[in-house]
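Sending over a structure as structure tokens; questions will come in a sec.
The values are calculated or read from the model by the stated rules, or taken from the named source; none is laboratory data. Everything quoted here is computed from the prediction, not taken from an experiment. With ideal geometry, Cβ positions are generated from the backbone for all residues, glycine too; neighbour counts draw on all protein chains shown. Note: areas computed on protein heavy atoms with side chains; ligands, DNA, RNA excluded. Shrake-Rupley method; radii C 1.70, N 1.55, O 1.52, S 1.80 Å.
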Amino acid sequence: MDKKEKLKNSKLYLVMQDITRYLDRYYLDGVAGLVPGGVGDAVSGVFCLVHIYISLFKLHSIPLTLAILCNTLRDIFLGMLPFFVGDVIDFFHKANSKNMALIEGFVNQDQKIIQEVNRKALYSLLVIVALTIGIILMVSVLIWIAKTIGTYLFS
């Protein structure tokens, strides 16, 4: 059994498939996004750590890891958009399925996926930086709003 087959039969890989199925097919990512303040989006983002772990430590691909981080941060950022826009997007974005497809492409040595991920590595890095800044700013605004409302209500 080669390394790729061993990975596909590992418990971690099966867990990743289950996480993807539950979060995207059964819309638990969208349901978690309904928790206010971006908390639900952050929690569902934690489940993507298994995708990141496999891409970085099992498949040893930095471009793949960047693509997965980009999808994950995009999902968190879009889910945090106010006025229920982010909540609606959460039900349709399906970042976990996209990440799973990328990993399966690498495991199955799909040259089209591998070439696309490698080609978009720098783009993914720039998007990750921009999304990280956006998420930090959005969390800061949410904290400021909560403090302002709290001060107004309790003064």
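If I ask for residues that are buried (at least 18 other Cβ atoms within 10 Å of the Cβ), of a type outside the set (A, V, I, L, M) and over 22 Å from Met138 (Cβ atoms), which ones from region 49-88 would you list?
His51, Ser55, Lys58, Ser61, Pro63, Thr65
Identify all residues within region 69-86 that are out of contact with any Asp or Glu (no Cβ under 9 Å at 6 or more places or on another chain) and either at pLDDT below 85 or more than 26 Å from Val117 (Cα to Cα) (or both); write none if there are none.
Listed by number, the residues that qualify are Pro82, Phe83, Phe84, Val85.
Scan region 89-100 for residues that are open to solvent by 20 Å² or more (accessible area, probe 1.4 Å) and of a type outside the set (Ser, Thr, Tyr) and report the count.
Selection size over region 89-100: 6.
Against the conditions (1) closer than 18 Å to Val46 by Cα; (2) crowded, with 17+ Cβ neighbours inside 10 Å, where does Val117 fall short? Just the number, please.
(1)
While we're looking at this one, here's another question. Could you check, for region 57-66, whether at least one of its residues is among the hydrophobic types (A, V, I, L, M, F, W, C), within 30 Å of Lys3 (Cα to Cα) and outside any helix (DSSP H, G or I)?
Step one: of region 57-66, the residues among the hydrophobic types (A, V, I, L, M, F, W, C) are 57, 59, 62, 64, 66.
Narrowing the set further to residues that are within 30 Å of Lys3 (Cα to Cα) leaves 57, 59, 62, 64, 66.
Imposing the further condition that a residue be outside any helix (DSSP H, G or I) reduces the set to 59.
Yes, that holds for at least one residue.
Quick one: in region 1-41, of everything that is touching a residue at least 24 places away in the same chain (Cβ under 8 Å) and among the aromatic types (Phe, Trp, Tyr), which residue is farthest from Val85 (Cα to Cα)?
Going through the qualifying residues, I end up with Tyr13.
Among (1) open to solvent by 60 Å² or more (accessible area, probe 1.4 Å); (2) closer than 23 Å to Ile135 by Cβ; (3) modelled with pLDDT under 95, there is one condition Gly33 misses while meeting the rest; what is its number?
Unmet for Gly33, out of (1) open to solvent by 60 Å² or more (accessible area, probe 1.4 Å); (2) closer than 23 Å to Ile135 by Cβ; (3) modelled with pLDDT under 95: (1).
Still on this model: Just for helices (runs of 4 or more DSSP H) wholly inside region 79-155: which have at least 1 residues that are touching a residue at least 12 places away in the same chain (Cβ under 8 Å) and closer than 23 Å to Asn9 by Cα?
Of the helices (runs of 4 or more DSSP H) lying wholly inside region 79-155, those with at least 1 residues that are touching a residue at least 12 places away in the same chain (Cβ under 8 Å) and closer than 23 Å to Asn9 by Cα span 95-107, 111-119.
To continue, here is another question. Looking only at region 66-109, which residues are of a type outside the set (A, V, I, L, M, F, W, C) and touching a His at 6+ places or on another chain (Cβ under 9 Å)? Give the steps one after another, and end with the answer.
We begin by selecting, within region 66-109, every residue of a type outside the set (A, V, I, L, M, F, W, C); these are 71-72, 74-75, 79, 82, 86-87, 90, 93-94, 96-99, 104-105, 108-109.
Matches in region 66-109: Asn71, Thr72, Arg74, Asp75, Gly79, Asn96, Asn99.
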